[in-house]
Structures are given as C-alpha cells and as structure tokens.
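Visitor: Before I ask anything, let me first share the structure, which is written out below as structure tokens.
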Amino acid sequence: MNTQVDAERAWQDLQRIRVPQERVYDEVERCAQGDARSTYTIAAIMWIFIASWGIDLPDWAFWLVLAAYVVLVSTLGVLHNRRSRVQLHRSRHSWRSLATFFAGGAVTLATILVSGYVVESLALPLGHVIQATVSAAAFVLLVGPANRWAAGALRAHGAEPSRER
C-alpha cells in the first residue's frame, strides 16, 4: 500500500464527519435538559390515575381506567419520540438509557407502594390524593436528572475509538 495521504485533506474530511455528529449530540443533550411539558403531562396523568384509586369503582371500570392510562402514557411517549428533531440509531443509545427506564419504573413503583403503606397505616384523610401527589412529585424529581445522566454518556460513547483485535 503505497498510497499517498494528504494530512490536511484527511483532517478536513474528519472535521466534516465530526461536526454534524457533535450537533446531533448537542441536540440530544438539549432535549434531555428541556421539555418539561411532557414530564409534567405524564405526571398529571399519573396523579389522576393514582388519585382515582380512592373512588370505589367496579372492577370493569378500574380496568377501563387502567387501559386508558396505559394508552395515554404510551401515546405521549410515541408523540414525544416522533416530535424529536434528531433520530438516533439504536446503537447510539447506551446502557444508561435502559437503566434509566427500569430505575425510573422501580423508583416510581416503590414510591407508590411506600406512600400507600404510610397513608394506610396512618389512616390519613384523602390518602389516595396524598399518595398520588407524593408519587407524581417523585416522578418529576427523578426524570430530569436521570435523562441528563443517560444522555450525557452518548457523546463519550460515540467518541470511543474502535478497538482492533
């Protein structure tokens, strides 16, 4: 391989590739830091769903409310994903994205269960409203830092040099 390589040309080619990639990471990080509207919307839907547990509903009505909750949250997730200006290839999502999803679910579930136990043991009036408020607040407080943590690793993940074996 006696091919001549122009160092300046190679550097320019590398910069043409790197600059758009940096813009993609900037956009992903911007989206992870902003967009509180979808977080508050999901928290409000969750609050209404948990607060509805205090109403004595027949079994069919409970399952109907649960199905409506799942459909609303899923629809919001799909709309939020489609609205994003940047679509990353699935290989650009790090393990942190998956860990954030499951950790968020675990923390939210634990908050719902623990607050429900505390409300029942103290026999507080309007217990389901208190439980819904505490759970929605925990969700809102968790989402922002968790999203920034998950998105923060993407830039470093994309910049890792490939390891030759």
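Read-outs throughout are calculated quantities, based only on the coordinates presented, and are distinct from any laboratory measurement. Just so we're clear, the structure is a prediction, and the values are computed from it rather than from any experiment. All Cβ positions, even for glycine, are placed from backbone atoms using ideal geometry, and neighbour counts span all protein chains on display.
Visitor: What is the gain in length, in nm to one decimal, between Val70 and Asp56 on full extension, counting 0.36 nm per residue of separation less the C-alpha to C-alpha distance? Write out the running numbers ahead of the final one.
Guide: Working: separation 14, 0.36 × 14 = 5.04 nm, distance 2.02 nm.
Between Val70 and Asp56, full extension yields an extra 3.0 nm.
Visitor: In whole Hz and in residue order, list the ³J(HN,Hα) couplings for region 117-123 that follow from phi through the Karplus curve 6.51 cos²θ - 1.76 cosθ + 1.60, θ = phi - 60°; x for Gly and Pro.
Guide: Each residue of region 117-123 in turn: 5, 5, 4, 5, 5, 8, 6 Hz.
Visitor: Related question: Order these peptides, 55-64, 100-109, 129-138, 39-48, by their mean beta-carbon neighbour count within 10 angstrom, highest first. It would help to have the intermediate numbers written out before the result.
Guide: Working: 55-64: 10.2, 100-109: 13.8, 129-138: 20.2, 39-48: 16.8.
Highest to lowest by the protection proxy: 129-138, 39-48, 100-109, 55-64.
Visitor: Give the calculated FRET efficiency between Trp149 and Leu124 to the nearest 0.05, with a Förster radius of 41 Å applied to their Cβ-Cβ distance. Mind dumping the intermediate values first?
Guide: Numbers: r = 34 Å, r/R0 = 0.82.
The value I calculate is 0.75.
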